[in-house]
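Reviewing the structure listed below.
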Amino acid sequence: MLANVQELTFPTRGDERGRLIIQEGASDLVPFEIKRTFFIFDTTPGTVRGNHAHYKNRQVLICVSGACTIKCEMPDGTKCAHRLDWPNKGLLIEGMVWHTMEEFSKDAVLLVLASEHYDESDYIRGYSEFRRLCTK
Ligand code: T46
C-alpha cells in the first residue's frame, strides 16, 4: 500500500548554463495527471496556511525558492513534518491527510501540482470533521 505522504527527489539536470528540474505527470515521481498548478509566495511572516485535508485531490509540493515546512497528520493520527528547502525536493500528499504549510522563508515560492481541478467541496476545513471522518 502507498504511504499517505512521501518525500520525492527530482533529478537535477545541469550544464554550464545552469540547472533544470523536470516534473512530469503520470510518472514515477508524480503519480497522477497534473490538472492544475498554483504557487504560494510573498507569505506574511509567521503565517500558517493549509489547515485542511482533501477527500480526493492528490498533490505534490515543491519549494522552488527558499524553504517552508509541511506538517501532516494521517488518518490514523500519525504526524510528520518535512522541510522543503531545495527545488529538487518534493512531497506527495494523498487525500485524507490533514496538512499545514508554515515556517516560510521570506523568499519562499511553494509550487503545488494537483491531480484535480479546484473544487471547494473537496476540502475538509474543520479539524474535528476530519477526525470524525477518519474514525468512521
Ligand atoms: C492545498 C495547499 C497546499 C481557488 O480559487 N483556486 C485554487 O486552485 C486554489 C488553490 C485556491 N483558490 C481560492 C480558495 C481560497 O479562497 O484561493 C483562496 C486561498 O486558498 P486556500 O486558503 O485554500 O489556500 P492554502 O494556501 O491554505 O491551501 C492551498 C490549496 O488551496 C490547498 O489545496 O492543499 O495550498
Practice task
Among the residues of segment 48-64, write down those that are surrounded by 15 or more Cβ atoms within 10 Å (Cβ to Cβ) and more than 8 Å from the ligand (Cβ to nearest atom).
Solution key: ALA53, ARG58, VAL60, ILE62, CYS63, VAL64
Exercise for the section: Would you mention how many residues in segment 82-126 are out of contact with any Leu (no Cβ under 7 Å at 6 or more places or on another chain), free of Cβ contacts under 8 Å to residues at least 60 places away in the same chain and over 20 Å from ASN57 (Cα atoms)? Expected result: 7
Handout entry: Unique match (being closer than 21 Å to GLU129 by Cβ, modelled with pLDDT of 95 or more and of a type in the set (D, E, K, R)) among LYS56, LYS35
Key = LYS56
Problem - Any pair with Cβ under 6 angstrom, 6 or more apart, that starts in segment 19-41 at a residue that is of a type in the set (Gly, Ala, Ser) and more than 16 Å from the ligand (Cβ to nearest atom) and ends at one that is assigned to a loop (DSSP other than H, G, I, E, B) and at pLDDT 95 or above - result: GLY25/GLU33; GLY25/ILE34; ALA26/GLU33
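The values are calculated or read from the model by the stated rules, or taken from the named source; none is laboratory data. Owing to the predicted nature of the structure, the values given are computational and were not obtained by experimental measurement. Virtual Cβ from ideal backbone geometry, glycine too; neighbours counted across all protein chains shown.
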